[in-house]
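For reference, the structure is listed below as structure tokens.
The values are calculated or read from the model by the stated rules, or taken from the named source; none is laboratory data. Because the structure is a prediction, the values reported are computed rather than measured. Positions of Cβ are backbone-derived with ideal geometry, glycine not excepted, and every protein chain shown enters the neighbour counts. What goes into the accessible areas is simple: the full protein's heavy atoms, side chains included, and nothing from ligands, DNA or RNA. Shrake-Rupley method; radii C 1.70, N 1.55, O 1.52, S 1.80 Å.
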Amino acid sequence: MRVVEITKAGAPEVLVPAERPEPTADKDHEIIQVRAIGINFADIMGRMGLYPDAPPIPFVPGYEVAGLVKGKRVVAVTRFNGYADKVVVRKDQLFPLPDSISFEEGAAIPVNYLTAWVALQEQARVRKGDRVLVEHGAGGVGIAALQICRKAGATFVGVVSTKEKADFLRAQGGEAVIRGEKIEGPFHIILDPTGASALRKDINLLAPAGSVILYG
């Protein structure tokens, strides 16, 4: 079957077509006929040789796909190997894809939306009236977080780098702060992919009993 491999760390040109054996599946797994793949931050960092979780080079990247399993439309989290005609995943990593969502749209859902959902719903328990601050608010996780906040009745504030991104978030029903401007706290929940270097700033913006979620 056809795959796309990372042959060495570097620019997009290090991605090359290759052939690999057809996959097989046991009773706990399914084979997806891939129709579209997502390209996210982990894929890009892995291609550049900067992602600690990546397999040794050469490897087939791809964390999320959309396609068909026994004729049914699905999306899935793959944890590498998604850039292929077919990929094997555990059955609990499959999710149904409605007919109203294209394969291309579906392939962009798993990584971003699961990240935002787990952070906001499972860990921080977002609720009506909460104020939520999201660094890199116009990225994939930020857009997913905005939609989750809107549904929960929480206020979303995204930190972005440009006026265009700020305008985009406001048009989607959120609020925005351009990086470098003063951020007015407090916030009940803060999502931040920046890492430990931002933790002191985040804590200073946090409401009593609030949550800081570091991810990525």
Handout entry: Nitroxide proxy distance, nm - points 7 Å out along Cα→Cβ at residue 117 and residue 201
Key = 3.0
Exercise for the section: Between 113, 51, 83, find the one with the highest GNM mean-square fluctuation for the chain; connect C-alpha pairs within less than 10 Å. Expected result: 51
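Longest exposed-loop-site-free stretch of the chain, with trypsin sites (Lys or Arg not before Pro), DSSP loop and at most 13 other Cβ within 10 Å?
71-124
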Handout entry: Accessible area (Å², per residue) of the chain, counting only protein heavy atoms and a probe of 1.4 Å
Key = 54
Practice task
Evaluate E = 1/(1 + (r/R0)^6) for residue 27 and residue 209, where r is the Cβ-Cβ distance and R0 equals 41 Å; express this FRET efficiency to the nearest 0.05.
Solution key: 0.35
Fill in the blank from the handout: Of the accessible area of the chain, computed with a 1.4 Å probe and all protein chains kept, carbon and sulfur make up a percent value of 56
Practice task
Take the Cα of residue 14, step 7 Å along the line toward its Cβ, and report every residue of segment 58-74 whose backbone nitrogen sits under 15 Å from that point.
Solution key: 58-62
Practice task
When a/c is below 1.5 the answer is rounded, else prolate if a/b is larger than b/c, else oblate, so apply that to the chain with a ≥ b ≥ c taken from the square roots of the Cα gyration tensor eigenvalues.
Solution key: prolate
Problem - the chain, dipole about Cα centre (Lys/Arg Cβ +1, Asp/Glu Cβ -1), debye to the nearest 20 - result: 420
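Assuming 0.36 nm per residue, please report the length gained on full extension of the stretch residue 48 to residue 181 beyond their Cα-Cα distance.
Taking residue 48 through residue 181 to full extension adds about 44.7 nm, to one decimal.
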Exercise for the section: Among the lysines, select those whose C-alpha is under 22 Å from the C-alpha of residue 91, and discard any that sit fewer than 8 residues away in the same chain. Expected result: 27, 70, 72
Practice task
Please name whichever of 166, 176, 198 sits farthest to the positive end of the charge dipole of segment 166-211, dipole taken about the Cα centre and charges placed at Cβ: Lys and Arg +1, Asp and Glu -1.
Solution key: 198
Fill in the blank from the handout: Computed over segment 133-191, the relative contact order (Cα-Cα under 8 Å, seq sep at least six) in percent reads 37
